[in-house]
């Protein structure tokens, strides 16, 4: 499995009047971490498009364990767990200092042909080769 992690500081514009991060912003944090992981693999969204594919999210789960608050520094760790037929990435968000788990979840993405917008039932061979080379 391929893993990665990024560090984020909860910005003021992501919090509500109680200084708690609004739940919808966790999706943004997952996306930021996913982009970083895909860059590490070498198969980011630009490369996907060059290969003729979009990779929309078709399933997502988020389990909120504890709140993030304004200016809290947290880590979003990612693990690529499936890549042959779809991309499934697991996420964990935890406080940088205390290591307390804040959130966990996953996203599932599938390859869609850019030209005909048809879902593919296997991942592009280039993606599979790049992931296998890193394992």
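Conditions (1) at pLDDT below 95; (2) touching a helix residue (DSSP H, G or I) at 6+ places or on another chain (Cβ under 7 Å); (3) closer than 23 Å to residue 16 by Cα, marked per residue:
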residue: 70; (1), (2), (3): no, yes, yes
residue: 73; (1), (2), (3): no, no, yes
residue: 104; (1), (2), (3): no, no, yes
residue: 115; (1), (2), (3): no, no, no
Item checked: Single match in 66, 111, 71 (criterion: buried (at least 18 other Cβ atoms within 10 Å of the Cβ), in contact (Cβ under 8 Å) with a residue 24 or more places away in the chain and touching a strand residue (DSSP E or B) at 6+ places or on another chain (Cβ under 7 Å)) -> 111
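Mind listing just one residue for me: the one in the range 1-34 that is touching a helix residue (DSSP H, G or I) at 6+ places or on another chain (Cβ under 7 Å) and closer than 13 Å to residue 62 by Cβ and, of those, surrounded by the fewest Cβ atoms within 10 Å (Cβ to Cβ)? It would help to see each step written out before you state the result.
Of all residues in the range 1-34, those touching a helix residue (DSSP H, G or I) at 6+ places or on another chain (Cβ under 7 Å) come to 2, 4, 6, 8, 14, 21-22, 25.
Those still in the list that are closer than 13 Å to residue 62 by Cβ too: 21-22, 25.
Values: 21: 23, 22: 11, 25: 15.
Only one residue tops the list, namely 22.
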Margin query: Given the condition more than 28 Å from residue 135 (Cβ to Cβ) and surrounded by 12 or more Cβ atoms within 10 Å (Cβ to Cβ), answer yes or no: does some residue in the range 48-59 qualify?
Written below: no
Next item on the list: Would you mind listing the strands (runs of 3 or more DSSP E) fully within the range 16-135 where at least 2 residues are within 11 Å of the chain's Cα centre (by Cα) and closer than 17 Å to residue 3 by Cβ?
Entry: 73-82, 87-95, 101-109
Next item on the list: Would you please list the contacts, defined by Cβ atoms under 8 Å and residues six or more apart or on different chains, that run from a residue in the range 1-26 that is on the phi > 0 side of the Ramachandran plot and in contact (Cβ under 8 Å) with a residue 24 or more places away in the chain to a residue that is surrounded by 13 or more Cβ atoms within 10 Å (Cβ to Cβ) and not in a strand (DSSP E or B)?
Entry: 19/70
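The values are calculated or read from the model by the stated rules, or taken from the named source; none is laboratory data. Note that this is a predicted model, so its numbers are computed, not measured. Cβ: placed from backbone, ideal geometry, glycine included. Neighbour counts: every protein chain shown.
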